[in-house]
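Student: Input: one structure, supplied below.
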Amino acid sequence: MQIKVRSLFFVAIGTFVIGVSMFLLIFFRGQELLPHQIVFVPNGGVKLEEHTQITGQNFKALLMPKEVLAAAVSPNMITLDNMEVIMNKTLVMPLYADDAITLNHVRDDVLVPRQGENEYPIPASWLEVMDWTGRSGDEAEIWLFPTNQLKQQYTTKSVKEAHVETVIQPVPDTVERPLKKPILDTVRLRYVVDGTNRSVKNATEAQDRSDATGEPVKMKANLTPEQYAQLKGAVEEGYKLIVVAKGVLR
């Protein structure tokens, strides 16, 4: 009986020691035993500024891998498994030291305003036509179109021998209001949407970009404040705008 009690005592002591050891192991090295995943943070702890473009050539110089607990990785974080999705994209907000880069930090380069640009809406009332082939991400030209109201300002009437003679003067072609060339020639379209508020896209298996799933009803463009003021001023003077898409950039 004494031997059995002694044996149970040693078993209890052993179980206690093993339990304490496991507790200390989990306490001090618990994070090391849990699953980890690789994310990417600014290389060298340097803040990455807005408008920084990420390419295959500068990726390693801009970002370095960092191992974190898999449980701390959110679905929009960039990891080894999806790192290709940020290639050839541009930061739309600063990335601070030790912050993991996410999908929210980047956008397609052609959709990001350049330095000095903002996203400005182009109302449908400003446009002469809405049946055109522009798509989000396109580069476009913007031409001026004189309205009949504007043309009437250059129409004069004179009386000659009891006859009324109408003299129509053409709307002048000036540097500020050109008519033989676009007023803006490198405008990037931020988005073009149809009546259902969806991006205008090609119809399924369409052979021509003019075949769209919906006609555009509104758009935004990346413009400087001066360019936007130029367009707005022209519209207030009686011009309409014609957007001529140069083609897909992405």
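Student: Give me the extension gain from VAL193 to MET93: residue separation times 0.36 nm, minus the current Cα-Cα distance, reported in nm with one decimal.
Tutor: Gain in length upon complete extension: 33.5 nm.
Student: Could you check the simple spin-label distance between VAL244 and ILE18, using points 7 Å along Cα→Cβ, in nm with one decimal?
Tutor: Here the answer is 8.3 nm between the modelled labels.
Student: In the structure shown, do any of LYS201/LYS246; LYS60/LYS89; LYS47/LYS89; LYS201/LYS232 have a Cα-Cα gap over 23 Å, and if so which?
Tutor: In this structure, LYS201/LYS232 exceed 23 Å between Cα atoms.
Student: Here's another thing I want to ask about it. Order the following by accessible area, largest value first: ARG177, ARG198. Probe radius 1.4 Å; ligands, DNA and RNA are ignored.
Tutor: ARG198, ARG177
Student: Which loop GluC sites (Glu not before Pro) in segment 45-134, with loop taken from DSSP, have no more than 12 other Cβ atoms within 10 angstrom of their Cβ?
Tutor: Qualifying residues, ordered by number: GLU49.
Student: Let me ask another. Work out how much length VAL68 to ILE168 would gain on full extension: take 0.36 nm times their residue separation and subtract the Cα-Cα distance, in nm to one decimal. List each step's numbers first, then the result.
Tutor: Numbers: separation 100, 0.36 × 100 = 36.00 nm, distance 7.46 nm.
Between VAL68 and ILE168, full extension yields 28.5 nm more.
Student: Can you figure out the FRET efficiency of THR186 with VAL85, using R₀ = 45 Å and their beta-carbon distance, to the nearest 0.05?
Tutor: 0.95
Student: Per residue Cα convex hull volume for segment 55-181, in cubic angstrom?
Tutor: Cα convex hull per residue, to the nearest whole number: 178 Å³.
Student: Between ALA61 and LYS47, 0.36 nm times their residue separation minus their Cα-Cα distance comes to what?
Tutor: Gain in length upon complete extension: 3.8 nm.
Student: Give, as a single signed number, the net charge of other residues whose beta carbon lies under 12 Å from the beta carbon of VAL193, with Lys and Arg counted +1 and Asp and Glu -1.
Tutor: +4
The values are calculated or read from the model by the stated rules, or taken from the named source; none is laboratory data. Just so we're clear, the structure is a prediction, and the values are computed from it rather than from any experiment. No Cβ is skipped: glycine too gets one built from the backbone with ideal geometry, and neighbour counts run over all protein chains shown. Note: accessible area is taken over every heavy atom of the protein model, side chains too, but ligands, DNA and RNA are not part of it. Shrake-Rupley method; radii C 1.70, N 1.55, O 1.52, S 1.80 Å.
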